[in-house]
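All remarks here apply to the structure that follows.
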Amino acid sequence: MTEFTVRPYERPRGVHPPYDFAGYRSSALRAPRQPLVLLPHRLTEVTGPLLGAQRVTAVDADLTAGHPGEPQGERIILTGRVLDSGGSPVRRALVEIWQTNAAGRYRHVNDQHSAPLDPNFTGLGRCVSGDDGRYRFVTIKPGAYPWRNHPNAWRPAHVHFSLFGHAFTQRLVTQMYFPGDPLLPLDPVFNSVPDPAGRQRLIASFDLATTEPEWALGYTWDIVLRGREATPFEGSDDE
Amino acid sequence: MSRLPVTPSQTVGPFFAIALPWPDGPFVVPEGTPGAITISGRVTDGAGEPVPDALVEVWQADPDGGFNGHPGDPRRTGTSGFRGFGRCPTGADGGYRIVTLRPGALPCGDGRTEAPHLDVSVFARGLLDRLVTRIYFPDEEGANAADPVLQSLSLRSRRDTLIATAAGPGEFRFDIRLQGDGETVFFDV
């Protein structure tokens with residue numbers, strides 16, 4: 001097969017933060033100065049690692065498990081669907097998350113915050129989306145923590161998400177925030193997203209239907225990865 | 001049918017090592033696999049300093065130019081089981097190292113051919129979105145000269161940032177300069 005066409009992925013504009021964002025100090029020496037070069041979508045870009053079940057065990061989706069005891073903090077259920085921009089579920093794709101403990105401390109050697117570590121919390125989760133694109137984690141609500149970006153700087157509570165989708169073009173690393181957090185208007189990372197509506201899409205919703213009585217509060221958050229460019233027929237993705 | 005708006009990117013931050021490195025991450029194939037090559041290098045910032053908290057990911061075709069039957073490949077080629085994917089966090093010196101097989105050349109579907117290459121994503125604190133680049137091979141002069149992506153770079157000095165250097169038998173070096181002198185070409189993917 002020598003003649004074929006590759007249907008490209010859409011290139012959303014104005015969605016992602018700029019590389020050089022003055023409010024975020026760490027970007028100053030790391031943002032490229034040269035303009036990006038347009039890379040047409042060919043075979044390497046429309047394919048990608050299909051990393052599913054072999055990377056994950058069932059307990060990986062429960063961040064409160066796997067330790068001698070229960071972690072401190074507010075137990076939560078975090079669930080939603082991974083979709084593409086055409087509305088199709090992104091099935092059987094790897095989702096990785098990491099976060100602080102309830103006190104706002106990462107289990108990482110470079111985290112110097114004086115808040116305590118929790119011997120019953122590592123803060124790492126993995127799962128594979130279902131046939132409807134759904135993911136689900138059980139964890140505890142992460143805490144806010146100070147950082148040195150500017151005087152009296154605090155990151156709002158957040159959960160880091162890493163998503164593969166099915167194609168190199170769909171790879172996404174982002175952060176999910178909690179509704180009503182008073183730190184959100186002050187956070188340069190959150191506010192680096194240029195469009196206010198885009199910022200809102202990073203905030204989960206409290207959901208009573210997901211909440212389990214006597215056990216855990218529920219939050220829902222859908223994640224949308226780039227889909228194929230629209231065609232006159234608006235066909236579904238390639239699966 | 002309306003399109004759904006895409007979820008914005010956020011930085012990977014300084015603490016991704018809790019979750020993203022895998023023990024076998026740098027090994028697209030196990031060390032010692034016949035034909036295996038290593039690609040290593042350093043990630044540096046605009047001051048020339050090492051970036052010790054970056055994550056380098058690679059994605060590539062197998063040696064025959066296949067993608068293990070991936071449904072996005074209209075040819076549906078390859079059943080090699082080749083993972084094609086590697087990820088390596090940088091160390092204190094900004095260094096990373098990937099063990100893999102040489103990718104094959106790839107048809108564009110229109111009669112042209114892409115030279116063997118790896119697609120690369122770089123994530124780091126300070127990067128609000130990933131940076132995307134490509135690794136090409138120095139001993140593929142003919143294929144590189146015909147590669148449409150390399151051809152699109154008119155400045156030789158820019159083009160050359162995408163071509164690894166030979167560092168010994170089966171060993172290649174590919175440094176990633178995020179900003180400033182010799183800045184690596186990054187792509188709008």
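Summed over segment A:104-119, the residues that are more than 11 Å from every other protein chain (Cβ to nearest Cβ) and closer than 23 Å to A:Arg136 by Cα give a count of 2. Among the residues of segment B:120-164, the ones that are more than 7 Å from chain A (Cβ to nearest Cβ), aromatic (Phe, Trp, Tyr) and in a strand (DSSP E or B) come to 1 in all.
Scan segment B:85-92 and tell me whether some residue there is in a loop (DSSP other than H, G, I, E, B) and touching a His at 6+ places or on another chain (Cβ under 6 Å). No, there is no match, as no residue in segment B:85-92 is in a loop (DSSP other than H, G, I, E, B) and touching a His at 6+ places or on another chain (Cβ under 6 Å). Among the residues of segment B:1-49, just one is at the interface with another protein chain (Cβ under 10 Å from one of its Cβ atoms) and basic (Lys, Arg), namely B:Arg3. Selection of first residues in segment A:1-16 that are within 9 Å of chain B (Cβ to nearest Cβ) and free of Cβ contacts under 8 Å to residues at least 60 places away in the same chain and of second residues that are in a loop (DSSP other than H, G, I, E, B) and surrounded by fewer than 10 Cβ atoms within 10 Å (Cβ to Cβ), restricted to Cβ pairs under 8 Å at least 6 apart or on distinct chains, gives the following pairs, ordered by first then second residue: A:Thr2/B:Gly111; A:Glu3/B:Gly111. Selection within segment A:21-49: residues that are more than 7 Å from chain B (Cβ to nearest Cβ) and without any contact (Cβ under 8 Å) to a residue 12 or more places away in the chain. The member of this set that is nearest to B:Pro71 (Cα to Cα) is A:Pro35. Here A:Val138, A:Val189 are screened, and the one residue that is closer than 30 Å to B:Gly86 by Cα, outside any loop (DSSP other than H, G, I, E, B), within 11 Å of chain B (Cβ to nearest Cβ) and in contact (Cβ under 8 Å) with a residue 60 or more places away in the chain is A:Val189. For the residues A:Val59, A:Val95, A:Val82, the requirement of being within 29 Å of A:Pro213 (Cβ to Cβ), outside any loop (DSSP other than H, G, I, E, B) and in contact with a Phe, Trp or Tyr (Cβ under 6 Å, 6 or more places away or on another chain) singles out A:Val95.
Restricting attention to segment A:62-105, the residues that are small (Gly, Ala, Ser) and in contact with a Ser or Thr (Cβ under 7 Å, 6 or more places away or on another chain) total 4.
Values quoted throughout were computed directly from the atomic coordinates according to the rules given, and no laboratory measurement underlies them. Keep in mind that what you see is a predicted model, and the values were worked out from it rather than measured. Virtual Cβ from ideal backbone geometry, glycine too; neighbours counted across all protein chains shown.
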